[in-house]
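Shown next, in structure tokens, is the structure this report addresses.
The values are calculated or read from the model by the stated rules, or taken from the named source; none is laboratory data. Please read these numbers as outputs of a predicted model, since none were measured by experiment. Don't worry about glycine lacking a Cβ; one is built from the backbone with ideal geometry, like all the others, and counts go over all protein chains shown. Only protein heavy atoms, including side chains, enter the accessible area calculation; ligands, DNA and RNA are left aside. Shrake-Rupley method; radii C 1.70, N 1.55, O 1.52, S 1.80 Å.
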Amino acid sequence: MSLRGKRVLVMGLGLQGSGMASARYAAQQGAIVRVTDMKPAEVLAPSVKALAGLPIEFVLGEHRAEDFCWAEIVIRNPGVPRSSPYLLMAQANGAQIEMESALFFLACPGRIVGVTGTRGKTTTTSLIYEILRASGASTLIGGNVAGVETLSLLPQITAETQVALELSSWQLEGLAPHAISPQIAVMTNVYPDHLNTYNGMEEYAEAKANIFRYQDESGIAVFNYDNPWTRRFGMQAHGQTWFTSLERGGSFARDSSSIVPFQFTQTPMVGRHNLENILLATTTARLLGVSDEIIAETVRRFRGVPHRLADVRILSDVRYINDSTSTTPIAGQVALEAFEVPIVLVAGGNTKHLPLGQWPTRIIERCRDVVLLAGSGTDELLVALQQELTAQGKANPVRGVFTDFHQAMDKAVSLTRPGDLLLFSPGFTSFGLFLNEFERGDAFVAYVNAL
């Protein structure tokens, strides 16, 4: 796609890489670039500084109708809904709506290994990347990975490069207008999420399905058989299709009843969900020709990714775990199910209007003490916890609801005993107290390391 001389408006600069990468790429391609974002300049100062020296005009703290009428191409940030009235205005004036993900796919000469899912996609993508890198292949990682500008990877990519991309539902939306999917597609699972921006589970799941929808018979797709949504999608894929299943003990081709046993179980990561991630990643690596020896060694030394059930430290025989990317109830539930020791839980935040599922049950079953951060999600959780307390006939473990993060942590630490695990797994979004879940996780790690 030629951008030279085109009037390009980047909608959503953000702080995590996508908006910055789109603006930089468009400017380097010779476009006339403007960037618009509702956040004020002082919040976006690091992103603006990162683009210093490039011919880019910034309109921050507001969206102006004139910019969307001016644009020939609008590159929307993944967080901007398709139904935005500003996008509709741009389209009405003849603008083409694009996303960073589509620009990358259209320009990438290498082989893309795409990974999506509600949970586990970062861990699975990162493990695939590490395995491929250990095999000696020219490999890069990008997509929905914090701090990585995916478009900026293009100069490093040749036809021999393999690119492991974590892809969110929003990023996958950008592929549909061009009818493109990665050559290798991996789906971890689908659970309720982002229902504040999608009209129900079917629309959300269909956005995820773009990862395999446009593959031809030469494509490879790997699906988690134990999740109903991904099992269903696996029956629809056009290319070589494999399923993975902890319940069945391994992986198998869609048209075969023969199970390849799961043997890569020696891992420092905890939880059944991480075994699912490992099975998906190792099955994919095998399909790409990596030897079992390299796969096994990589799995043994792979410790996971930041903010996802990550060990921070052990102090006074208390283990501190950072699971700040737990932004959904199912993530909070899975985190609790990963441990058998006494738990002091720090949770809470703002709601995405998702079903709480079994999370309140697991909290009452597994947590001796619970400290909550205030928010709209916390209000929902408190009601559900009270109902669960009545059902289980147990004492209330909630020791307080806090609007100040440090006060909440002080309380949680005071409740710990030797042999305990202090688990920071919020189960809700961070907005209100923090810019995002990564800043929230960094705050937890800084607090614990300062003890």
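Can you tell me the accessible area per residue over segment 303-451, all protein chains present, probe 1.4 angstrom, in square angstrom? On a per-residue basis, 41 Å².
Grab the DSSP H runs of the chain that are 4 residues or longer, score each as -39,500 (n - 2.57), total them, divide by all residues and round the 222 nm result to the nearest 500 deg cm²/dmol.
-10500 deg cm²/dmol
For the pair segment 187-224 / segment 168-183, the C-alpha centres are spaced 10 Å from each other.
Taking a ≥ b ≥ c as the square roots of the eigenvalues of the Cα gyration tensor, the chain is oblate, since a/c reaches 1.5 or more and a/b is not larger than b/c.
Would you kindly calculate the translational diffusion coefficient of segment 1-103, applying Stokes-Einstein with the Kirkwood radius from alpha carbon pairs, for 37 °C and a viscosity of 0.692 mPa s, and quote it in µm² s⁻¹ without decimals?
248
Model label sites at Asn396 and Arg232, defined 7 Å from Cα along the beta-carbon direction, differ in position by 3.9 nm.
What FRET efficiency comes out for the pair Val341/Lys49, r = Cβ-Cβ distance, R0 = 45 Å, nearest 0.05?
0.55
The length gained on full extension between Thr403 and Tyr214, counted as 0.36 nm times the residue separation minus their Cα-Cα distance, comes to 63.4 nm.
With both residues required to sit in segment 24-148, DSSP beta bridges show an antiparallel share near 10%. Summing charges over all other residues whose Cβ lies under 14 Å from the Cβ of Ser430, with Lys and Arg as +1 and Asp and Glu as -1, gives -2. Using R₀ = 35 Å, calculate the FRET efficiency as 1/(1 + (r/R₀)^6) where r is the Cβ-Cβ separation of Leu382 and Ser291; round to 0.05. Here the calculated transfer efficiency is 0.10. Backbone N atoms of segment 19-59 closer than 16 Å to the 7 Å Cα→Cβ label point of Asn93 belong to residues 32-37, 57-59.
Based on the Cβ-Cβ distance from Glu365 to Arg82, what FRET efficiency comes out when R0 is 35 Å, to the nearest 0.05?
Efficiency, rounded to the nearest 0.05: 0.30.
Sequentially through segment 236-248, phi angles give Karplus couplings (6.51, -1.76, 1.60; θ = phi - 60°) of 9, 5, 8, x, 5, 10, 10, 10, 10, 8, 5, 4, 8 Hz, Gly and Pro residues having no value and appearing as x. With N the number of residues in segment 249-366, Rg(Cα) / (2.2 N^0.38 Å) evaluates to 1.26. Rounded to whole Å, the principal axis extents of the Cα atoms in segment 95-154 read 43, 27, 19, largest first. Taking each of Lys39/Lys352; Lys208/Lys352; Lys49/Lys121; Lys121/Lys352 in turn, the alpha-carbon distance tops 26 angstrom for Lys49/Lys121. Kindly list the residues of segment 248-275 that lie in the label zone of Arg300, defined by a backbone N under 18 Å from the point 7 Å along the Cα-to-C-beta vector. Hits in segment 248-275 for Arg300 at 18 Å: 262-270. Here the label points at Ala137 and Asn199, each 7 Å from Cα along the C-beta direction, are separated by 3.9 nm in the simple model. Is the shape of segment 380-446 rounded, prolate or oblate, going by the alpha carbon gyration tensor and its root eigenvalues a ≥ b ≥ c, with a/c under 1.5 for rounded and a/b larger than b/c for prolate? Because a/c hits 1.5 or more and a/b fails to exceed b/c, segment 380-446 counts as oblate. Kirkwood radius, segment 300-435, all distinct C-alpha pairs, inverse of mean reciprocal distance: 14.8 Å.
Computed over the chain, relative contact order equals 11 percent, with contacts defined as Cα pairs under 8 Å that lie 6+ residues apart.
In summary, the convex hull built on the alpha carbon positions of segment 74-223 has an orientation-averaged projected area of 9.3 nm². Computed from the Kirkwood radius of its Cα pairs, the Stokes-Einstein diffusion coefficient for segment 182-321 at 25 °C and 0.890 mPa s stands at 149 µm²/s.
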